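One structure is given below, encoded as structure tokens.
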Amino acid sequence: MQKPRNPADLLGLGKEAALIRLLRACGADEAYVTGNASDYDKFMALAAAMPLCEGHPLGDEVNERLNDATGVSVPLCPHMVKRHWDGWVEAYLYGGSASSTSSGATCPLCSPAAPQIWRQGDLTPLPDPIGVLAPDLTSWSVALEERLSDGMPALFLLPDDYAFVRPNPYHVGLAVGKIFQGEALTKVEGDLLVTQALRIWGIALSCRGEGDTPALLLRGGDPSAVISLLAYLDASHALPSMVWMPHELVSAGTVSGLYGCVRTGYAVAATDTAEDIEEKKRIYAAVAPIGRAIVLVEW
């Protein structure tokens, strides 16, 4: 069997059907898919697509094949093209040791910042002092927005029983006032505050102008409630670039593709075994299209 000439030849770029589908799904020009572009340019196009399928079995396979061939363990991405290409040259043209080119496990430029994690119980602390009803609501809204840290996505864990409730200032104000008085909220009031908080965060995050970078991550929730929530945020001009991670991965297909800025993904818990993770990848690959961002979050 003839030895591959370079990493692009190793992966079968321009011939491998799965990679052709991936590059087309990610918007690559046909010259870099099956056309006459150089092997290096085709490899660069693949590198640009790799971050879009993070965690997908196809992306894992590409990285494993490159790692086995060159020893460069950092995942392929636009910033690491030269390192992978030079690793091949070192290992196969100059007879160097593949392991000598091994580097860190992640690309520092592609590694997302750890998200801030918020739960329903984090929405109730109020700033002090609190005045009458209207200032209560204003102070609560400002305090929520101030909790967002620049450059860090916000991960909100939806309550398992969350049901969409359309908020309005009057009823939100009443609920905030009850919190100040130390009174327990009803189920509807709790859901109302969740929706209002996500609206406040959505508007703030949409104004950051960070393009396609997911600024809001949602974990859990019933698909029908999430769809109603997304429709409300979109109508309120409060729908930022975001990812929804359902508890049941088969639900990802329900929301995937509904809005251009809403992607779907899955979470990996710290307690997951390697078998658990592989099973999640397998299920997700069956229900979500290639090219959707996949977010792996541990907590």
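The values are calculated or read from the model by the stated rules, or taken from the named source; none is laboratory data. Because the structure is predicted, anything quoted here is derived from the model rather than measured. Here the Cβ is made from the backbone with ideal geometry for all residues, glycine too, and neighbour counts use every protein chain on show.
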Name the residue that is nearest to residue 118 (Cα to Cα), counting only residues in the range 252-266 that are crowded, with 19+ Cβ neighbours inside 10 Å and small (Gly, Ala, Ser). 265
Taking into account only those residues within the range 241-251 that are surrounded by fewer than 23 Cβ atoms within 10 Å (Cβ to Cβ) and in a loop (DSSP other than H, G, I, E, B), which is nearest to the chain's Cα centre (by Cα)? 241
Kindly indicate whether any position in the range 270-278 is in the same structural domain as residue 208 (by TED's automatic domain parsing) and touching a helix residue (DSSP H, G or I) at 6+ places or on another chain (Cβ under 6 Å). no
So, in the range 258-288, exactly how many residues are within 14 Å of the chain's Cα centre (by Cα) and at pLDDT below 80? 3
In the range 12-52, residue modelled with the highest pLDDT [restricted to those that are on the phi > 0 side of the Ramachandran plot and either touching a Pro at 6+ places or on another chain (Cβ under 8 Å) or exposed (fewer than 15 other Cβ atoms within 10 Å of the Cβ) (or both)]: 12
Residue set 146, 183; condition surrounded by fewer than 19 Cβ atoms within 10 Å (Cβ to Cβ) and closer than 21 Å to residue 242 by Cβ; output residue 146
For the range 176-198, does any single residue satisfy the condition of being among the hydroxyl-bearing types (Ser, Thr, Tyr), over 14 Å from residue 121 (Cα atoms), in contact (Cβ under 8 Å) with a residue 12 or more places away in the chain and not assigned by TED's automatic domain parsing to the domain that holds residue 51? no
What are the residues in the range 174-194 that are of a type in the set (Val, Ile, Thr) and closer than 14 Å to residue 140 by Cα, if any? 176, 179, 194
